[in-house]
Amino acid sequence: ANSNYQKLGKGIPNVKPAYTDAKNIKKYFMESLGVREGNIIFEKDATRAQLMSIFGSNDDHRGKLFNWTKPNVSKVYVYYAGHGAPAGDKGTTYLVPSDTDSETVQLTAYPLKQLYSNLGKVPATSITVILEACFSGNSQGGNLLVNTSGISVVPRMPSTPKKITVISAGAANQVASWEE
């Protein structure tokens, strides 16, 4: 649940409903799906380092989630509430950690392609990814890419391994908004 970007981030608006959304999805996983609280990795305002610790890096895919998974037994659910953004000249899409710098998203955020690649190596029976984020670079709280001088970056969503199901708040070019 990445809500507070003002504390650590540079020039990124907050995502007001992220904490409440994450709290409620955690409750759903526990009460409706029977997931034990001890099997849930729950982070508020995760930094890039924390995301790498959980999901792995480009050099090593074996983060906490990989290590916690029982091969061919575990079902994995990943829920992310916070900003997503396109960056770079190729429109690469990123999850935006709480410590991301809006001027260097491609250097300080977590690539969605990396998430999908690393999740594809997790030995679970199924993996469901729920993204309460959009990748347009815009939000109700303001633009994430504040110094773009009217240039728009077209986001390119990465492909996913066959065992991963993705549920997203919107298409790559749509703004995911929230109710007040």
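The values are calculated or read from the model by the stated rules, or taken from the named source; none is laboratory data. It should be emphasised that the depicted structure is a prediction, and the values quoted were computed from it without experimental measurement. Every residue, glycine as well, gets a Cβ built from its backbone with ideal geometry; the counts of neighbours run over all protein chains shown. Keep in mind that these areas ignore ligands, DNA and RNA; they rest on the heavy atoms of the full protein, side chains included. Shrake-Rupley method; radii C 1.70, N 1.55, O 1.52, S 1.80 Å.
Each 10 Å bin from zero holds the following percent of Cα-Cα pairs in the range 1-67: 19, 38, 36, 7. Excluding residues fewer than 8 places away in the same chain, name every one of the aspartates and glutamates whose C-alpha is closer than 19 Å to that of Lys64. The qualifying aspartates and glutamates are Glu37, Glu43, Asp45.
With protein chains left intact and a 1.4 Å probe, residues in the range 18-78 average 66 Å² of accessible area per residue. Taking max minus min of the alpha-carbon positions on each principal axis, the range 80-125 gives extents of 38, 23, 14 Å, largest first. Each label was represented as a point 7 Å from its Cα along the Cα-to-Cβ direction; for Ile41 and Lys23 these points are 2.4 nm apart.
Across the cross-link table entries Lys26/Lys113; Lys44/Lys90; Lys27/Lys90; Lys10/Lys121, which are compared at the Cα atoms, the separations over 27 Å belong to Lys44/Lys90; Lys27/Lys90; Lys10/Lys121.
Restricting the calculation to alpha carbons of the range 1-143 gives Rg and Dmax of 14.9, 44 angstrom. Packing order of peptides 103-111, 11-19, 64-72, 30-38, highest average first: 11-19, 103-111, 64-72, 30-38 (average count of other Cβ atoms within 10 Å over each peptide's residues).
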